[in-house]
1. Once label points are set 7 Å from the Cα along Cα→Cβ at both residue 72 and residue 128, what is their separation, rounded to one decimal in nm?
2. Pairs of alpha-carbon atoms within less than 8 angstrom and 6+ residues apart define the contacts here; what relative contact order does the chain have, in percent?
3. Ignoring any ligand, DNA or RNA, what whole percent of the accessible area of the chain comes from carbon and sulfur when the probe is 1.4 angstrom?
4. Just flag the trypsin sites (Lys or Arg not before Pro) in region 4-56 sitting in loop per DSSP whose Cβ has no more than 15 other Cβ atoms within 10 Å.
5. Give, in nm to one decimal, the length gained when the segment between residue 165 and residue 24 is fully stretched (0.36 nm per residue of separation minus the Cα-Cα distance).
6. Full extension from residue 147 to residue 34: what is 0.36 nm times the residue separation minus their Cα-Cα distance, to one decimal in nm?
7. Between residue 120 and residue 50, what's the calculated FRET efficiency when r is the beta-carbon distance and R0 is 25 Å? Round to 0.05.
8. Please sort by residue number the chymotrypsin sites (Phe, Trp or Tyr not before Pro) in region 1-87 whose DSSP state is loop and whose Cβ has at most 14 other Cβ atoms within 10 Å.
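The values are calculated or read from the model by the stated rules, or taken from the named source; none is laboratory data. This structure is a prediction, so every number in the text was calculated from the model and none was measured. Cβ placement follows ideal geometry from the backbone for every residue including glycine, while neighbour counts extend to all protein chains displayed. Heavy atoms of the whole protein, side chains included, go into the accessibility calculation; ligands, DNA and RNA do not. Shrake-Rupley method; radii C 1.70, N 1.55, O 1.52, S 1.80 Å.
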Amino acid sequence: MVVVRAAGPGEWATLREVRLAALREAPSAFASTHAREEPFTEEQWRGRLSRDGSVTLFGYLAVAGSGGDRAAPAGIAGVLQQGGEADLVSMWVRPAARGRGVGEALIAAAAGWAKARDHDSLYLWVTATNAPARRLYERCGFAPTGESQPLPSDPSLSEIRMSRRL
């Protein structure tokens, strides 16, 4: 079973650990880099958790009797509201937790959060060569919009935009 919950304002250290792990493990999947974010201050990490119009979600693999979220998060996702749209951002699942429903649960929670704020679609950008992520998003109802752009952290790669009706 997967438990998903919104990160609380005091969980900046957990956010830092998970985000930096994601940037180390999958550097070509994000618009930022480990080198850029590793020196962020506590204030900067806290700021990410307190942005208006956004949520950070942690996904946990719950084992019967374990309490579910006492261990390190198995995955992370964020939703940003900007320009009248809701964007799924910073999606990542630890390699050991992949294939266990964490990604699907994070996407479902992100979609629910966006829908509760009256959005009719959820958008995301994914690196064009990231086939496992693209398959996950397609299984969860996302389809390419036809838009593409260079990946900000590595312009030699391109990313495509996908959307899902809510």
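1. 3.4 nm
2. Details: 292 pairs, mean separation 35.4, N = 166.
21 percent.
3. Values: 4270 of 8380 Å².
That fraction is 51 percent.
4. On the way: sites: 5, 16, 19, 24, 36, 46, 48, 51; in loops: 51.
In loop regions of region 4-56 (DSSP not H, G, I, E or B), the sparsely surrounded trypsin sites (Lys or Arg not before Pro) are 51.
5. Details: separation 141, 0.36 × 141 = 50.76 nm, distance 3.16 nm.
Computed gain between residue 165 and residue 24 is 47.6 nm.
6. Details: separation 113, 0.36 × 113 = 40.68 nm, distance 2.63 nm.
Taking residue 147 through residue 34 to full extension adds about 38.1 nm, to one decimal.
7. Details: r = 27 Å, r/R0 = 1.06.
My answer for the efficiency is 0.40.
8. Working: sites: 12, 30, 40, 45, 58, 60; in loops: 30, 40.
The qualifying sites: there are none.
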